[in-house]
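What follows is a set of notes on a single structure, which appears directly below.
What follows is calculated from the coordinates using simple rules that are stated; it is not laboratory data. Remember, predicted model here, so these are calculated numbers, not experimental data. Don't worry about glycine lacking a Cβ; one is built from the backbone with ideal geometry, like all the others, and counts go over all protein chains shown.
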Amino acid sequence: MSEEAETYQVDIRLPEEMASITEARRLAREALRACGFQGRHDDVLLVVSELVTNALVHGDGPPTLRVRGSASHVRVEVGDAGDRLPEAREPGPASGWGLHVVGLLCTGWGISPGDGGKVVWCELAARLAPVRTGPAQT
């Protein structure tokens, strides 16, 4: 990650219910505003939805959500107590879009051991346009 100051903006255990997806998005939205992330907030919120959904549907126990960010970079981590690793499937209406979406939107993602389970993490970078300081050249 960059040398910018980064702090954990969200670190919470969510209830083991589908309504946690909406709550996770709300918490992530607040974190993005608080850290001043200059990237696409909708991309981060979509990734949060996918990872929390996967933890609820395929994982074990209540999921945890952790979001750490700065103006240029965000890391999202979703953990659960299961040891079954996520599987990339052919994306589509029957199997969902989950990890395919994560792979397309993120600069990187992976799976790490967590406290009594696993953590699926991903990182997103703001794609900032270069600043021009002089007259435009043709």
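Summary of computed values
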| read-out | value |
| --- | --- |
| Residues located in segment 67-80, provided they are within 22 Å of LEU104 (Cβ to Cβ) and either in a strand (DSSP E or B) or among the hydrophobic types (A, V, I, L, M, F, W, C) (or both) | VAL67, ARG68, GLY69, HIS73, VAL74, ARG75, VAL76, GLU77, VAL78 |
| In segment 17-58, residue surrounded by the most Cβ atoms within 10 Å (Cβ to Cβ) [restricted to those that are in a loop (DSSP other than H, G, I, E, B) and in contact with a Ser or Thr (Cβ under 9 Å, 6 or more places away or on another chain)] | PHE37 |
| Residues located in segment 12-46, provided they are of a type in the set (Asp, Glu) and closer than 14 Å to PRO62 by Cβ | GLU16, GLU17, GLU23 |
| Yes/no for GLY61 being of a type outside the set (A, V, I, L, M, F, W, C), at positive phi and either within 9 Å of the chain's Cα centre (by Cα) or surrounded by 13 or more Cβ atoms within 10 Å (Cβ to Cβ) (or both) | yes |
| Residue match in segment 1-15 (condition: surrounded by fewer than 16 Cβ atoms within 10 Å (Cβ to Cβ), free of Cβ contacts under 8 Å to residues at least 40 places away in the same chain and touching a strand residue (DSSP E or B) at 6+ places or on another chain (Cβ under 9 Å)) | no |
